[in-house]
Amino acid sequence: DQLLKGAKDFFDEDAVAQIGEVLKQDKEGVKQGLNATIPALFLGLSQHSDSGGISAILEKAKQHFADFDLKGLLGGVTNADESAGDRAVEGENSAGLLGSIFGGGLDTVLSTVAGYLGYDGSSIGKLMNFSLSAIFSSLTNKGQNWDFERIGHVLQENKTAFA
């Protein structure tokens, strides 16, 4: 599926290595993690494409991921001061987005995916936040097309591929 491929291709080997440093995982562990979080996020988003709630989420995402600067995204978390990195990752915007996507089910999603991968809860939250940028990059053609209606259709059409 093109959407999944586009999102996974967002992270080059360097990015995977940097995420690995943050999460204290090797590259394979990170790739395995992304293979779980990316479809989970797409599936979560596609649930909203039915209800029309997708526009509000995309509006938030548009403000947060205007330029898809992966270096900036990673720079905030790979600096020596790890606590600052944690704050950047657990920033209001990202947490707000994950909450908007999964609603009351967020904790369940995080613990299910964490259990499946053998990650701790905080690592899976960080990985989800990294994955968000890849997902919105894939859905908007790297930020060039934020047509909410088109994105809603694309999500609905691909729903079965995410499950």
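The values are calculated or read from the model by the stated rules, or taken from the named source; none is laboratory data. Quantities reported herein were computed from a predicted structural model and do not represent experimental measurements. For neighbour counting, all protein chains shown are included, and Cβ atoms are generated from backbone atoms with ideal geometry for every residue, glycine included.
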When residues of region 3-14 are filtered for being in a helix (DSSP H, G or I) and over 14 Å from the mean Cα position of the chain (by Cα), how many remain? 2
Looking only at region 18-44, which residues are in a loop (DSSP other than H, G, I, E, B), surrounded by fewer than 20 Cβ atoms within 10 Å (Cβ to Cβ) and touching a residue at least 40 places away in the same chain (Cβ under 8 Å)? K24
Cβ pairs under 7 Å, 6+ apart or interchain, first in region 84-112 and of a type outside the set (S, T, N, Q) and surrounded by 14 or more Cβ atoms within 10 Å (Cβ to Cβ), second outside any helix (DSSP H, G or I) and at pLDDT below 90, ordered by first then second residue, are G85/N79
Within the set of pairs 6 or more residues apart or between chains, which connect a residue that is without any contact (Cβ under 8 Å) to a residue 60 or more places away in the chain inside region 3-17 to a residue that is of a type outside the set (D, E, K, R) and surrounded by 16 or more Cβ atoms within 10 Å (Cβ to Cβ) with Cβ atoms less than 7 Å apart? A15/L70; A15/L74; V16/V30
